1. Which of the trypsin sites (Lys or Arg not before Pro) found in the range 194-273 are loop residues per DSSP with 14 or fewer other Cβ atoms within 10 Å of their Cβ?
2. List the trypsin sites (Lys or Arg not before Pro) within the range 128-202 that fall in a DSSP loop (any state other than H, G, I, E or B) and whose Cβ has at most 11 other Cβ atoms within 10 Å.
3. Mind pulling the angle between the C-alpha long axis of helix 249-258 and the longest principal axis of the chain? Nearest 10 degrees, somewhere in 0 to 90.
4. Do any chymotrypsin sites (Phe, Trp or Tyr not before Pro) in the range 111-203 lie in a loop, going by DSSP, with at most 15 other beta-carbon atoms within 10 Å of their beta carbon, and if so which?
5. Which one is right for this structure if Rg and Dmax of the Cα atoms in Å is calculated from it: (1) 21.5, 73; (2) 18.4, 56; (3) 23.2, 76?
6. To the nearest 20 debye, what charge dipole does the range 101-198 have about its Cα centre, counting +1 at the Cβ of each Lys and Arg and -1 at the Cβ of each Asp and Glu?
7. For the range 10-65, what is the charge dipole size about the Cα centre, in debye to the nearest 20, if Lys and Arg each add +1 at the Cβ and Asp and Glu each add -1 at the Cβ?
8. Could you check how much of the accessible area of the range 28-181 is carbon and sulfur, as a whole percent, using a 1.4 Å probe?
Amino acid sequence: MAAKRLKVIVTRKLPDPVETRMRELFDTELNLDDKPMGGEQLLDALGRADVLVPTITDRLDSRLLSRAGERMKLIANFGAGVDNIDVATANQRGIIVTNTPGVLTEDTADLTMGLIMAASRRVVEGANVVQSGDFQGWSPTWMLGRRIWGKRLGIIGMGRIGQALARRAKAFGLSIHYHNRKPVSPRIAEELEATYWESLDQMLARMDIISVNCPHTPATYHLLSARRLKLLQNHAIVVNTARGEVIDEGALANMLSRGDIAGAGLDVYEHEPAINPKLLKLPNVVLLPHMGSATVEGRIDMGEKVIVNIKTFMDGHRPPDRVIPSML
């Protein structure tokens, strides 16, 4: 397809350097006002473009993809997760799907560690007291949080981000435990001094802090169900920077409000952008607006990955970050 410039439609505003380079390489249609596209707008784009560059806010389900135009050949997702795309339907239609893995690993691990610290030490709650003018001075029994050093961290999903988090957590004196589809290599396990738990239930019951770092797939939907959340100790803290659907958000909110779990740090939500109203009222919860990869460097790196995938496809080769149904 190198003989002509591909028609590329971008669904959201991307960093200026990324958009500029895309305009140089392709016949690119940008979304300068950054308003999310509705279903009809996405369908129109699928009918006019050779390549669609969506984000997590764009739900490309079977209904939409089954009506894509004949020229639609590549969906170059701006993001590592592809749970917003029906990859199986795209594959059936001969549409290649790519993502942007690896480039947001360190940024997301940084934020996850920050949430562990903030939730454990009541950082946001304390900052709110100062900013509201209610700080009355130091007290020996006020704003008591939990020590990080020496605690057990259970990581659900020991991929790139899980391992990057483990390296940070080890430096903070945390004992590393993890649940994964299979154990990591002996070399990595030794480096991280990580204990593998084949049984998620058994791990949950023993941890002080739980971090969710697995993708959202049909197999991980409500992986932390109401039943599993009840296995946690009442001093435990739950942190999620992966996908909201992995946790039963309603059950989590109820347990936090009753004090059955000590606290939570959440960057993602089950029905995003909507958030369970109970969570918004709880002082023992740190809530962030899905900003795990929100660094200038990370977003530019993601855009460069998108460009490489499109350019490789345009030159007649297999895109390096192709996603196929069997990978999910």
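1. Numbers: sites: R206, R227, R228, K230, R243, R258; in loops: R206, K230, R243.
Counting only loop positions with at most 14 other Cβ atoms within 10 Å, the trypsin sites (Lys or Arg not before Pro) in the range 194-273 are K230.
2. Details: sites: R146, R147, K151, R152, R160, R167, R168, K170, R181, R187; in loops: R146, R147, K151, R181.
When the trypsin sites (Lys or Arg not before Pro) of the range 128-202 are filtered for loop state and at most 11 Cβ neighbours within 10 Å, R147, R181 remain.
3. Helix 249-258 sits roughly 20 degrees off the main axis of the chain.
4. Numbers: sites: F135, W138, W142, W149, F172, Y178, Y196, W197; in loops: F135, W138, W142, W149, F172, W197.
Here the sparse-neighbourhood loop sites are F135, W138, W142, W149, F172.
5. Derived directly from the coordinates: (1).
6. Numbers: 13 positive and 9 negative charges, 53 e Å.
Approximately 260 debye in magnitude.
7. Working: 8 positive and 12 negative charges, 32 e Å.
Charge dipole, the range 10-65, about its Cα centre: 160 debye, nearest 20.
8. Ligands and nucleic acids excluded, carbon and sulfur reach 51 percent.
The values are calculated or read from the model by the stated rules, or taken from the named source; none is laboratory data. Here the structure is a predicted model, which is why all the values come from computation and not from measurement. Ideal geometry is used to build each Cβ from the backbone, glycine not excepted, and the neighbour counts take in all protein chains shown. Just so you know, the surface numbers come from the protein's heavy atoms only, side chains and all, with ligands and any DNA or RNA stripped out. Shrake-Rupley method; radii C 1.70, N 1.55, O 1.52, S 1.80 Å.
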